[in-house]
Structures are given as structure tokens and as C-alpha cells.
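The values are calculated or read from the model by the stated rules, or taken from the named source; none is laboratory data. Keep in mind the model is a prediction, meaning the values are calculated, not measured. As a convention, Cβ positions derive from the backbone with ideal geometry for all residues, glycine included, and neighbour counts pool all protein chains shown. For accessibility, only protein heavy atoms count, side chains too; no ligands or nucleic acids. Shrake-Rupley method; radii C 1.70, N 1.55, O 1.52, S 1.80 Å.
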Amino acid sequence: MEPEIINNASRPGLVRDVIDSIRQIYDPEIPVNVYDLGLIYKIRLDEDDRVFVTMTLTTPNCPVADSLPNQVESVVMLTEGVSDARVELTFTPPFTIDMMSDEAKLELGLL
């Protein structure tokens, strides 16, 4: 499942750079990055190059519930051209393996 992308950034290509940054973060228990795992639901870039990410976790009781959203926020904030970054955690809708990219499913032997 591809996340919803709202791109009003001033620099073309910034959304791609943000996605590339998010792909650097891996779930520590699953060898797949959080973007391809389907944990990113929405990425919104405003005209001031602020980035707002809505994401979930594989389970509400995830052992990295406190750190994973902070890691995503940190790498997005460090992306060249981003003026600010915020991550919101949601559990609606709940994560399912159907949200994973085909590449992630193949990596995990689910295809």
C-alpha cells in the first residue's frame, strides 16, 4: 500500500528525498524498512518545506513504540531542504501484511 502523499514543497524532488530518508529506518525485528513495510500512511509537505508524517507500528505493543517514530522524525528533519518535521502515530487502520510493498513481501518470503 502506497502512503498518501501531499506535496506542496517549494523544491521539486524533496518528497523523493524524504522517502529515501525514511527508507533508512528499519523495524528492528523485521529486515525491511518502515516505508516498504507499510508503516507510513501519509506524508505531507507544505509550502514552507515542513514535513508531516503519519505512521503506525506493526502492533500497539511494539517494543520500539517510543523510539521508531522519533527515528523517522530525526531522519526526515536531517533531509536537505526540510525546514521542520513532525511524526504522528496512529493505529487506525491497524497494520496488516497487505500494507507491505511487493518487494517487502518478497524479501520476507510472503510472495
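Sequence gap at least 6, Cα distance under 8 Å: using those rules, report the relative contact order of the chain to the nearest whole percent. With pairs under 8 Å counted, the relative contact order is 31 percent.
Give me the net charge for the shell around Ser101: Cβ to Cβ below 13 angstrom, other residues only, Lys and Arg +1, Asp and Glu -1. Present the calculation step by step, with values, prior to reporting the outcome.
Details: positive: Arg23, Lys105; negative: Glu2, Asp36, Asp98, Asp102, Glu103, Glu107.
Net charge around Ser101: -4.
Rolling a 1.4 angstrom probe over the protein heavy atoms with all chains in place gives the chain an accessible area of 55 Å² per residue. Of the labelled figures (i) 13.3, 37; (ii) 13.4, 41; (iii) 15.7, 58, only one reflects Rg and Dmax of the Cα atoms in Å as derived from the coordinates, namely (ii). A simple spin-label model places the labels of Ser83 and Asp20 2.2 nm from each other, with each point 7 Å out along Cα-to-Cβ.
To the nearest 20 debye, what is the magnitude of the charge dipole of the chain about its Cα centre, counting +1 on the Cβ of each Lys and Arg and -1 on the Cβ of each Asp and Glu?
Numbers: 8 positive and 20 negative charges, 17 e Å.
Dipole about the Cα centre, nearest 20: 80 debye.
Just checking the listed ones, Asn61, Asn33, Asn70: in the Gaussian network model of the chain with Cα springs under 10 Å, the one fluctuating most is Asn61. Please check: in the Gaussian network model of the chain (C-alpha springs, under 10 Å), which one of Asp98, Asp36, Asp84 has the largest mean-square fluctuation. Judging by the Gaussian network model, the answer is Asp98.
A simple count of charges around Gln71, restricted to other residues whose Cβ falls under 13 Å of its Cβ and scoring Lys, Arg +1 and Asp, Glu -1, yields -2. Across Ile43, Ile22, Ile97, mean-square fluctuation computed from a Gaussian network of the chain (C-alpha pairs under 10 Å connected) peaks at Ile97. Accessible area per residue was computed with a 1.4 Å probe on protein heavy atoms; Val75 scores about 30 Å².
Carbon and sulfur together cover what percent of the accessible area of the chain at a 1.4 Å probe radius? Answer for the chain is 49 percent, counting heavy atoms of protein chains only. The loop-placed chymotrypsin sites (Phe, Trp or Tyr not before Pro) in segment 2-111, going by DSSP, that have at most 12 neighbouring Cβ atoms within 10 Å of their Cβ come out as Phe91.
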